[in-house]
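Engineer: Mind having a look at this structure? Questions to follow.
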Amino acid sequence: MYKTIFHSQDISKLTFLVTGGAGFIGSNVVEYLLTHNAGKVVVLDNFKTGFHHNIQSYLSKSNFELIEGDICKFYDCQRACKGADYVIHQAALGSVPRSIENPIATNDTNVSGFLNILVAAKDANVKRVVYASSSSVFGDSKILPKVEDNIGKPLSPYAVTKLVNELYADVFFKTYGLEIIGLRYFNIFGPRQNPTGPYAAAIPLFMDALLNNRSPYINGDGEQTRDFTFVENAVQANIKACFTTHHQALGGVFNIAVGERTSIKELFYNLKEISSSKIDPIYRQERAGDVRDSLADISKAKHLLDYNPSVNFKEGLSFTFNWFKKEFGV
């Protein structure tokens, strides 16, 4: 992975702070930056949802620094932002079900923590902040494909926090002149995604079940659709957002997806074919707060970020399954 160069300028003298850099998407961003000889990469992570093994191989590198800290603590954010040219903010408490069970913790991390990062980045005079938003912001809107400026009402506390992030980002851009770009992720999947725990996403859960000869659960009828997006596409978006020269992009938010629609049932049977499994799924009650259908219009990101997803759903799924089989196969 990451043989393709997404950045448009020399990064060998630049410092990047990646919050949540030991997590799934964050560690992939770190891998890209170190693969392409970034001047320095700093990771801020509290390891609540990230893992040491995701960044273990980088600890000995002279251009890598790990700060074990929490975005909910302003001092940690100040320390991490000091000297940074770019902040790539991935730290968050993800998962709709988690937010429904514990909205206070989700708000503390995703809203208060985000605000801490914005203030620390502003005070440190960073060149630009790129942050992770979510397709959950579209809420109860039934219009497909999803266009950035046409959202509904949030369906979960998690969705509320991501909408608040976008509102704060807009204020910091207009009021303080902080260069900032938001990326609305659509169901990102790939290597390093956690297959364990109560809040694991569908793809790693399905892979874990098939590798262990167990029937996975499908919530609802399985006909709900998602725009599944391989993680390398998300990394591309983050890097290109750091360096876009389109002034119209600043202060904006962009759909990051592939523009393909796949049902949960189709997802499972694709994985069943890839794994040569004979297992069938078990259907159960649908989850509260879930969006029924999701499909992104990515034309805005293509135009202003030069975003061009290079890995489609089936290619990414096959790559990810082979990675999971190597890492977790029995």
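Engineer: Let me know the Rg and Dmax you get for region 158-236 when you use only its Cα atoms, in Å.
Structural biologist: In Å, with Rg to one decimal and Dmax whole: 17.0, 55.
Engineer: A 29 angstrom limit on the alpha carbon distance is what I want to check against. Which of K127/K325; K3/K300; K300/K325 exceed it?
Structural biologist: From K127/K325; K3/K300; K300/K325, over 29 Å: K127/K325; K300/K325.
Engineer: Follow-up question, since we're still on this one. I need the shape label for region 45-91. Rule: rounded when a/c is under 1.5, else prolate if a/b > b/c, else oblate, with a, b, c from the alpha carbon gyration tensor.
Structural biologist: Here region 45-91 falls in the oblate category.
Engineer: In debye, nearest 20: dipole of the chain around its Cα centre with unit charges on the Cβ of K, R (+) and D, E (-)?
Structural biologist: That gives the chain a dipole magnitude of about 280 debye.
Engineer: Further, regarding this structure: So what's the gap between the Cα centers of region 109-161 and region 286-317, to the nearest angstrom?
Structural biologist: 16 Å
Engineer: I'd like the FRET efficiency for S57 and K13, computed as 1/(1 + (r/R0)^6) with the beta carbon distance as r and R0 of 25 Å, rounded to 0.05.
Structural biologist: After rounding to 0.05, the efficiency reads 0.60.
Engineer: Right, another one. Using the reciprocal of the averaged 1/r over all distinct C-alpha pairs, how large is the Kirkwood radius of region 1-136 in Å?
Structural biologist: With all distinct Cα pairs of region 1-136 included, I get 15.0 Å.
Engineer: If you don't mind, another one. Show me the three semi-axes of the equivalent ellipsoid for region 256-330, from the C-alpha gyration tensor (sqrt of 5 times each eigenvalue), largest first, rounded to whole Å.
Structural biologist: Ellipsoid semi-axes (Å, largest first): 27, 19, 10.
Engineer: To continue, here is another question. After finding the eigenvalues of the alpha carbon gyration tensor for region 90-227, what semi-axes result from the square roots of 5 times each, listed largest first in whole Å?
Structural biologist: Its equivalent ellipsoid spans semi-axes of 30, 18, 14 Å.
Engineer: Between A159, A209, A257, which gets the highest mean-square fluctuation from a Gaussian network model of the chain, Cα cutoff 10 Å?
Structural biologist: Highest fluctuation of the listed residues: A209.
Engineer: Follow-up. So if a site counts as exposed when it's one of the trypsin sites (Lys or Arg not before Pro), its DSSP state isn't H, G, I, E or B, and it has at most 16 other Cβ atoms within 10 Å, what's the longest stretch of the chain without one?
Structural biologist: Excluding the exposed sites themselves, the longest stretch runs over 143-213.
Engineer: In a shell of Cβ-Cβ distance under 9 Å around A84, excluding A84 itself, what net charge do Lys and Arg (+1) and Asp and Glu (-1) give?
Structural biologist: Here the charged neighbours net out to +2.
Engineer: Ignoring GluC sites (Glu not before Pro) that are buried or in helix or strand per DSSP, and keeping those with at most 15 other beta carbon atoms within 10 Å, what is the longest stretch of the chain between them?
Structural biologist: Free of exposed loop sites, the longest segment is 1-222.
Engineer: Subtract the Cα-Cα distance of L66 and N312 from 0.36 nm times their separation in residues, and report this length gain in nm to one decimal.
Structural biologist: Gain on extension, L66 to N312, equals 85.3 nm.
Engineer: In whole Å, what are the extents of region 20-71 along the principal axes defined by its C-alpha atoms, from largest to smallest?
Structural biologist: 28, 17, 17
Engineer: If you don't mind, another one. Most fluctuating residue of T245, T109, T161 in a GNM of the chain with Cα springs under 10 Å: which is it?
Structural biologist: Taking springs between Cα atoms under 10 Å, the residue moving most is T245.
Engineer: Still on this structure, please answer the following. Projected area of the chain, taken from the Cα convex hull and averaged over every viewing direction, in nm²?
Structural biologist: Spelled out: convex hull of the Cα atoms, projected over all directions, averaged, 15.1 nm².
Engineer: How big is the antiparallel share of DSSP beta bridges in the chain, given as a percent to the nearest 5?
Structural biologist: About 5 percent, rounded to the nearest 5.
Engineer: In what order do D45, D140 fall by count of nearby beta-carbon atoms within 10 Å, going from fewest to most?
Structural biologist: D140, D45
Engineer: Find how much the distance from I282 to E101 grows on full extension, using 0.36 nm per residue of separation minus their present alpha carbon separation; answer in nm with one decimal.
Structural biologist: Gain on extension, I282 to E101, equals 62.8 nm.
Engineer: So, with +1 on the Cβ of K and R and -1 on the Cβ of D and E, and no other charges, what is the size of the charge dipole of region 42-186 about its Cα centre, to the nearest 20 debye?
Structural biologist: Once rounded to the nearest 20, the dipole reads 160 debye.
Each value in this text was obtained by applying a stated rule to the coordinates, not by laboratory testing. Because the structure is a prediction, the values reported are computed rather than measured. Cβ coordinates were reconstructed from backbone atoms using ideal geometry, including for glycine residues, and neighbour counts include every protein chain displayed.
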